[in-house]
Amino acid sequence: AYPYKSPSIGFLNRIYHPNVDEMSGSVCLDVLNQSWSPMFDLSNIFEVFLPQLLLYPNPTDPLNEEAAALMMRDRNLYDQRVKEHSAKYAKSELEGRKQEDESSSDEISDDEYSSCEEEMTDHRDP
């Protein structure tokens, strides 16, 4: 029903954030859930709404209650937990490919690897 109904948005990597369900990756964003309009498009979501949500979490309307409570109680500890989660779960697609390549018997030449790396820099997640 898009664009008349909002799209479902979620993250594949685990994210420690008050408005993101840690297990499913679902995003709690008012503009998607309550005030969606067909005049919005995917570029609005990825260039404006999600970056704003990630920079300015709303702990009063959480999907991850633990993250919200920690953020309100101890911002420094919350920031540390976010960094730990990022180090543990955030992995670029290129790193994932490198690990897969190391475990397979097929070899990739340096030229092929470089071209993959160049492609990946153009397609990063917001």
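Bear in mind that the values in this text are calculations on the coordinates, not laboratory data. On a predicted model such as this, the values are computed, not experimentally measured, just so you know. For neighbour counting, all protein chains shown are included, and Cβ atoms are generated from backbone atoms with ideal geometry for every residue, glycine included.
A compact table of results
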{"quantity": "Nonlocal amide H pairs with Ser26, under 5 Å, H built at 1.01 Å", "calculated": "Phe11, Asp21"}
{"quantity": "Rh (Kirkwood; distinct C-alpha pairs) - the range 1-90, Å", "calculated": "13.7 Å"}
{"quantity": "Listed residues Leu63, Tyr16, Gln80: farthest to the positive end of the dipole of the range 1-90 (Cβ charges)", "calculated": "Gln80"}
{"quantity": "Under Karplus coefficients 6.51, -1.76 and 1.60, residue-wise ³J(HN,Hα) of the range 74-86 in Hz, glycine/proline x", "calculated": "8, 4, 5, 5, 4, 4, 5, 5, 4, 5, 4, 4, 4"}
{"quantity": "Integer Hz, Karplus 6.51/-1.76/1.60 couplings in order for the range 43-57, x for Gly and Pro", "calculated": "5, 4, 5, 7, 9, 10, 5, 5, x, 5, 4, 5, 6, 10, x"}
{"quantity": "Most positive-pole-ward Cα, Tyr89, Gln52, Ser35, against dipole of the range 1-90 from beta carbon charges", "calculated": "Tyr89"}
{"quantity": "Full-stretch length increase - Tyr89, Gln34 - with 0.36 nm per residue and alpha-carbon distance subtracted", "calculated": "16.8 nm"}
